[in-house]
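The values are calculated or read from the model by the stated rules, or taken from the named source; none is laboratory data. Only a predicted model underlies this, so the values are computations on that prediction, with no experimental measurement involved. As a convention, Cβ positions derive from the backbone with ideal geometry for all residues, glycine included, and neighbour counts pool all protein chains shown.
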Amino acid sequence: MAGGGVSIGDYTKPVGPAVAIPRRHSAQRIRHPRVFGSGSGWDPFLQPAPIGVSGELYIGGHGLARGYRGQPDLTAERFIPHPCSPEPLARLYRTGDVARYRSDGRIVHLGRMDHQVKIRGYRIELGEIETALSRHHAVRQAAVTARDDQQGGKQLVAYLVGHDGLMPSQADLRSFLHAQIPDYMIPSLFMFLTEMPLTANNKVDRNALPAPTLAPSPAVVHVPPSNHLDVQMAALWQQVFSINPIGIHDNFFDLGGHSLKAAQLFYLIEQVYGRHLPLATLFQAPTIATLTAVLTQNQWVPPWQSLVAIQPSGAAVPIFMVPGVGGNVLVFAQLAKLLGPNQPSYGLQARGLDGKEAPFTSVPEMASHYVAQIRRFRPNGPYTVLGSCTGGLIAYEMAQQLVEQGQAVTLVVMDTWHPSTYRPHRYKLPMTFGLPLYLLWRIMRTIPSLVRLPVKDWVSFLQPKCKRLMSLSQTNVAKDELLVEFQVGQVTRATLQAVARYDVRKYPGHILNMMASKRYVAQSVTDTRRIWSDFGGEGSKTVQVAASNSGQLLVAPHVEEVTKHLEAFLGEDTQSKPTPLANVI
């Protein structure tokens with residue numbers, strides 16, 4: 001930002017939509033732009049967005065126009081009372097642009113609000129992905145859209161025009177994006193075009209972009225299915241990913257796979273082959289070739305268990321990882337990969353995720369179950385136990401129990417709140433009364449968002465939700481997806497109620513506490529994530545990572561910093577003396 005003007009990169013916003021003021025006067029006429037909202041949705045109370053969190057860009061100041069001539073409705077929509085000004089008639093102009101503050105106070109322009117989509121619960125700025133792709137040396141032009149998949153959901157598709165005909169591989173593009181944006185923003189598919197379709201105004205014509213197909217990149221050896229089982233399995237993968245063709249060595253995670261797509265795929269496998277496989281099988285069999293090999297091993301079915309080998313090889317002390325609410329160990333895939341082939345990594349998934357057993361209702365019960373599984377696999381320590389979000393409280397209790405059993409333990413908690421932050425009565429509904437009422441609750445919870453919108457926006461707001469409900473009634477995959485969501489919700493509710501009742505005791509060993517430093521915490525809320533190094537013994541410490549939430553700590557680019565802190569702490573801890581049971585107070 002130059003002076004007080006509104007300059008965002010190469011983009012300059014006029015100081016008023018109805019009156020254009022020459023640029024040389026803008027520094028005198030404009031105070032400062034403000035970014036309001038949050039990454040999880042636009043804040044109806046217009047709270048300023050924290051540094052690094054995207055929001056809608058508003059413009060105010062003495063040079064602001066009074067409105068649109070002869071258009072009172074549009075004026076009322078775009079020119080709103082200034083929530084932070086002492087002047088009673090002060091106004092802000094809603095630009096419709098999405099931006100965020102940088103740490104140096106400058107503003108980064110991310111695109112338009114109408115280029116914002118919500119996929120798997122994440123609100124995504126398409127312009128931010130396009131900007132990241134445009135930084136690749138081989139990409140001349142990029143456009144990203146959200147396309148319907150065959151399950152009634154959405155997937156991100158990137159359309160690219162290369163420099164001088166260059167076509168980087170899908171794996172290269174994903175690796176490049178991993179260093180810039182979170183995993184959930186990485187497109188499921190990349191398509192190369194000779195030219196980008198344009199409108200008469202020389203803008204990308206998104207309606208003219210072709211339907212997605214998976215064209216093999218020259219940098220990747222595409223191996224098509226060669227037998228009946230591979231062909232049948234490839235058809236299931238193509239149905240889940242809505243792309244074609246898929247080779248037998250294409251990696252599930254490289255194709256954009258996540259826990260929801262894993263649930264869809266394994267539901268189809270059970271329907272076709274009659275085999276119920278745990279989702280964690282994908283860690284050992286992430287391709288069509290390896291997954292069909294699992295199916296042909298004399299009808300062997302991997303048993304569902306809490307302990308899951310994410311990366312079992314290596315001579316280092318194993319790390320046992322506990323995820324947050326929902327309990328799916330797939331979230332640790334990137335961290336385990338970065339820790340390297342010499343660091344064994346295991347996940348602990350919550351009981352109840354398979355829908356066959358009831359989830360535990362107390363933290364000591366959960367911890368005792370996990371400790372029993374760990375000691376059955378590795379009878380004696382040392383151990384490293386790591387927990388993310390609510391999983392940090394379970395890991396904390398696991399470490400307590402292991403120390404009481406005479407074992408040496410290193411404890412790592414990530415963005416974990418003290419139990420006093422939680423309120424158990426909040427988590428009783430809507431899971432208590434079963435799937436039908438859960439679906440009704442899913443519908444009812446959209447009403448507050450609906451009534452805050454102008455009537456003219458109701459159709460566009462309700463249309464995708466109605467389409468989603470229709471898909472639930474028409475396809476078995478979508479119905480099973482809802483059932484999986486319901487089962488995860490039951491585990492989530494039980495976990496939240498359990499941690500809210502957990503009584504924290506002082507821990508005698510070392511604790512590494514990693515916090516997401518850019519997480520927005522209201523002034524009225526005590527940030528209890530900071531306390532854990534005080535609860536541990538000598539040598540415990542807290543480090544901060546510039547992420548906005550616990551989920552971002554486990555995806556690129558922040559997971560690289562998390563890995564460095566973890567490796568440094570484990571290196572220090574191996575040089576210290578294990579805590580004997582006699583010293584436990």
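Can you run down the residue pairs with Cβ atoms below 8 Å, 6 or more apart or on separate chains, where the first is in the stretch 283-294 and free of Cβ contacts under 8 Å to residues at least 12 places away in the same chain and the partner is surrounded by 19 or more Cβ atoms within 10 Å (Cβ to Cβ)? Within 8 Å, the pairs are Ala285/Leu291. In this structure, does Arg501 turn out to be farther than 30 Å from Phe176 by Cα and surrounded by fewer than 21 Cβ atoms within 10 Å (Cβ to Cβ)? So Arg501 passes the test. Taking the stretch 84-179 and the strands (runs of 3 or more DSSP E) fully enclosed by it, the elements with 1 or more residues that are of a type in the set (Phe, Trp, Tyr) and either modelled with pLDDT of 80 or more or at positive phi (or both) are at 91-101, 154-162.
Rundown of residues vs (1) assigned by TED's automatic domain parsing to the domain that holds Asp148; (2) on the phi > 0 side of the Ramachandran plot; (3) part of a helix (DSSP H, G or I); (4) buried (at least 21 other Cβ atoms within 10 Å of the Cβ), yes/no style:
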residue	(1), (2), (3), (4)
Met233	no, no, yes, yes
Pro245	no, no, no, no
Gln271	no, no, yes, no
Pro278	no, no, no, no
Leu291	no, no, yes, yes
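What about Arg530, is it modelled with pLDDT of 70 or more and either of a type in the set (Phe, Trp, Tyr) or part of a loop (DSSP other than H, G, I, E, B) (or both)?
Details: modelled with pLDDT of 70 or more: yes; either of a type in the set (Phe, Trp, Tyr) or part of a loop (DSSP other than H, G, I, E, B) (or both): no.
In short, no.
Remark: pairs (first residue in the stretch 222-238, within 12 Å of Ile269 (Cβ to Cβ); second residue of a type in the set (S, T, N, Q) and at pLDDT 80 or above; Cβ separation under 7 Å; 6+ apart in sequence or on different chains) = Leu229/Thr292; Met233/Thr292.
Would it be correct to say that Gly105 is surrounded by fewer than 15 Cβ atoms within 10 Å (Cβ to Cβ), touching a helix residue (DSSP H, G or I) at 6+ places or on another chain (Cβ under 7 Å) and either outside the structural domain of Lys261 (by TED's automatic domain parsing) or of a type in the set (Phe, Trp, Tyr) (or both)? Full working, then the answer.
Values: surrounded by fewer than 15 Cβ atoms within 10 Å (Cβ to Cβ): yes; touching a helix residue (DSSP H, G or I) at 6+ places or on another chain (Cβ under 7 Å): no; either outside the structural domain of Lys261 (by TED's automatic domain parsing) or of a type in the set (Phe, Trp, Tyr) (or both): yes.
Spelling it out, it is not the case that Gly105 is surrounded by fewer than 15 Cβ atoms within 10 Å (Cβ to Cβ), touching a helix residue (DSSP H, G or I) at 6+ places or on another chain (Cβ under 7 Å) and either outside the structural domain of Lys261 (by TED's automatic domain parsing) or of a type in the set (Phe, Trp, Tyr) (or both).
Among the criteria (1) outside any loop (DSSP other than H, G, I, E, B); (2) touching a helix residue (DSSP H, G or I) at 6+ places or on another chain (Cβ under 7 Å), the one Val325 does not fulfil is (1).
With the structure loaded, tell me whether Thr410 is of a type in the set (S, T, N, Q), in contact (Cβ under 8 Å) with a residue 40 or more places away in the chain, in a loop (DSSP other than H, G, I, E, B) and crowded, with 24+ Cβ neighbours inside 10 Å or whether it fails that test.
On the way: of a type in the set (S, T, N, Q): yes; in contact (Cβ under 8 Å) with a residue 40 or more places away in the chain: yes; in a loop (DSSP other than H, G, I, E, B): no; crowded, with 24+ Cβ neighbours inside 10 Å: yes.
Taking the combined requirement at face value, the residue does not satisfy it.
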